[in-house]
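Peer 1: This is the structure I want to talk about, given as structure tokens.
The values are calculated or read from the model by the stated rules, or taken from the named source; none is laboratory data. Since the model is a prediction, treat every value here as computed from it, not as a measurement. Cβ placement follows ideal geometry from the backbone for every residue including glycine, while neighbour counts extend to all protein chains displayed.
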Amino acid sequence: MKELIFATHNPNKVVEIRSLLGENIHIISLDEAGLHDDIPEPHDTIEANAREKSSVIYGLTGKDCFGEDTGLEVIVLHGAPGVHSARYAGPQKSASDNIKLLLQNMDGIIHREAQFKTVISLLLEGKEYQFKGICKGVITLSSQGNNGFGYDPVFIPDGSDKTFAEMGLEEKNKYSHRAKAFDKLKNLLEEKR
Ligand code: IMP
């Protein structure tokens, strides 16, 4: 079985990614690997932050690993919150504060198109592979639903009339940016088996 360290402290992402990758790929979270420090996200692109996460963990462990970075890009806000999605309303990284600020900044705006973008940086025997997944949709006028995390309560993916927070994980994975990116990672690992 393939073992990969996942460079995240977000338990929601670990649950999502384990369900996406299935039983042949064993995901070890940072906490399980005994790595408790925050990983920096110093760059101004999602691609560079994903690479930062995987290379920091590879530097510490020398083991195959991947980092993943995601941003919500709202067209009318010129791509914001984008790379700043986690800290949009401040360093406390509060999902409810972020949503409140987003809805406030979109008050009265009719054009509510947005997309989630995920980039994975996989380091396999020291070589980097990047995979991207995009999910287009719209931002709602108010929060709807209690599942998921982050901006899930205010994002309806194209093809659905529910927010991600109104879906179970299996349904979210039919649409999600992260599912699309991880399908590509899974294909690569299968090719290399
Ligand atoms: P990061 O990739 O952990 O830096 O996450 C960036 C921000 O986007 C955080 O505020 C997350 O909560 C949010 N985010 C990432 N993925 C999702 C998602 O699938 N749904 C909703 N919000 C997300």
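Peer 1: So is Thr61 touching a residue at least 40 places away in the same chain (Cβ under 8 Å), surrounded by 14 or more Cβ atoms within 10 Å (Cβ to Cβ), within 14 Å of the ligand (Cβ to nearest atom) and closer than 26 Å to Arg18 by Cβ or not?
Peer 2: No, not satisfied.
Peer 1: Restricting the search to the range 139-153, which residues are farther than 15 Å from His111 by Cβ and either within 11 Å of the ligand (Cβ to nearest atom) or of a type in the set (Ser, Thr, Tyr) (or both)?
Peer 2: Answer for the range 139-153, where residues must be farther than 15 Å from His111 by Cβ and either within 11 Å of the ligand (Cβ to nearest atom) or of a type in the set (Ser, Thr, Tyr) (or both): Ser142, Ser143, Asn147, Gly148, Phe149, Gly150, Tyr151, Asp152, Pro153.
Peer 1: Another question, then. Against the definition (closer than 29 Å to Gly90 by Cβ, over 17 Å from the mean Cα position of the chain (by Cα) and buried (at least 16 other Cβ atoms within 10 Å of the Cβ)), how does Thr163 come out, yes or no?
Peer 2: So Thr163 does not fit the description; no.
Peer 1: Among the residues of the range 114-128, which ones are touching a residue at least 60 places away in the same chain (Cβ under 8 Å), surrounded by fewer than 21 Cβ atoms within 10 Å (Cβ to Cβ) and part of a strand (DSSP E or B)?
Peer 2: Gln115, Leu124, Glu128
Peer 1: A follow-up question, please. Among the residues of the range 147-160, write down those that are surrounded by 15 or more Cβ atoms within 10 Å (Cβ to Cβ) and of a type in the set (Gly, Ala, Ser).
Peer 2: Gly148, Gly150, Ser160
Peer 1: Can you tell me which of (1) of a type outside the set (Ser, Thr, Tyr); (2) loosely packed, with under 15 Cβ neighbours inside 10 Å; (3) touching a strand residue (DSSP E or B) at 6+ places or on another chain (Cβ under 6 Å) is the one Gly82 doesn't meet?
Peer 2: Failing condition for Gly82: (2).
Peer 1: Oh, and also: Which condition breaks for Lys53 when tested against (1) buried (at least 21 other Cβ atoms within 10 Å of the Cβ); (2) out of contact with any Lys or Arg (no Cβ under 8 Å at 6 or more places or on another chain); (3) closer than 28 Å to Asp158 by Cβ?
Peer 2: For Lys53, the failing item is (3).
Peer 1: Looking only at the range 71-94, filter to residues that are part of a loop (DSSP other than H, G, I, E, B) and among the hydroxyl-bearing types (Ser, Thr, Tyr); which one of those is nearest to the ligand (Cβ to nearest atom)?
Peer 2: Taking the candidates together, the pick is Tyr88.
Peer 1: Note down all Cβ pairs under 6 Å where the first residue falls in the range 1-29 and is within 17 Å of Asp64 (Cβ to Cβ) and of a type in the set (S, T, N, Q), the second is in a strand (DSSP E or B) and away from the ligand (no atom under 11 Å from the Cβ), and they're at least six residues apart or on different chains.
Peer 2: Ser29/Phe6
Peer 1: May I ask you to verify whether Lys136 is among the charged types (D, E, K, R), closer than 21 Å to Glu16 by Cα and either within 13 Å of the ligand (Cβ to nearest atom) or modelled with pLDDT under 95 (or both)?
Peer 2: When the stated conditions are applied, Lys136 does not pass them.
Peer 1: Given the conditions (1) of a type in the set (Asp, Glu); (2) in contact (Cβ under 8 Å) with a residue 40 or more places away in the chain; (3) out of contact with any Phe, Trp or Tyr (no Cβ under 8 Å at 6 or more places or on another chain), report the number of the one that Glu68 does not fulfil.
Peer 2: (3)
Peer 1: When you go through (1) more than 14 Å from the ligand (Cβ to nearest atom); (2) closer than 24 Å to Glu190 by Cβ; (3) surrounded by 15 or more Cβ atoms within 10 Å (Cβ to Cβ) one by one for Glu23, which number turns out not to apply?
Peer 2: (3)
Peer 1: Write out, first by first residue and then by second, each pair whose Cβ atoms fall under 7 Å of each other, whose residues are 6+ apart or on separate chains, and whose first residue, in the range 152-176, is in contact (Cβ under 8 Å) with a residue 40 or more places away in the chain and in a strand (DSSP E or B) while the second is more than 9 Å from the ligand (Cβ to nearest atom) and hydrophobic (A, V, I, L, M, F, W, C).
Peer 2: Listed by first residue and then by second, the contacts come to Phe155/Ala114; Phe155/Ile139.
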